[in-house]
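What follows draws every value from the coordinates through simple rules; no lab data is involved. Quick caveat, the model's predicted, so the values are computed rather than measured. Counting neighbours? That spans all protein chains shown, and the Cβs are built from the backbone with ideal geometry, glycine included.
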Amino acid sequence: MKPDFRNTLSRPTLPTSTLRIYMREIGKFDFPVSDLMYLQASGNYSWLYWKDGQRMLMPRTLKYYMDRLPHEWFIRLHRNCVVNLHYIERMERISQETGGLMYLHSGLVLPVSRRRWFAIRRLLPHLN
């Protein structure tokens, strides 16, 4: 059964869960999931992008993080990008041959794969 994102996005609050990350300098640290805008894969590493503009390169795959993030708050745009639904402003289709673009409130634009475009559009009809 797939989660229903439409009801989730109407809530004014963000998730209160945390993501525990080990950093060499400070050890284990809990970061609030609500501050995580999106994740991007780079081989077996992942870039974590935070709402304050910081980014972290972590030695884990996106799959590792997807298993630890609340599924009702994050969606995979393509094989190397996962986004927090609360930071999405709108979606735009480019063409039939390619996917589309996802615009975030911060001004960033992320690509959406052609194969995932229709599934994401069905889950987030208010963004079209």
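Brief remarks follow.
- The charge dipole of the chain, taken about the Cα centre with unit charges on the Cβ atoms of Lys, Arg (+1) and Asp, Glu (-1), comes to about 420 debye, rounded to the nearest 20.
- Using 0.36 nm per residue and subtracting the Cα-Cα separation, the extra length available between Glu25 and Thr98 on full extension is 22.1 nm.
- Recomputing Kirkwood radius over Cα pairs in Å from the coordinates shown identifies the correct label among [x] 15.2; [y] 17.7; [z] 18.2 as [x].
- Exposed-loop-free span, longest in the chain, where trypsin sites (Lys or Arg not before Pro) count as exposed if DSSP calls them loop and at most 11 other C-beta atoms lie within 10 Å: 25-78
- Least to most buried among Leu57, Leu19 (fewest other Cβ within 10 Å first): Leu57, Leu19
- Whole-number percent relative contact order across the range 5-127, with pairs defined as alpha carbons under 8 Å at least 6 apart: 18 percent
- Candidates Gly27, Gly99, Gly107, ranked by Gaussian network fluctuation over the chain, Cα under 10 Å, top entry: Gly27
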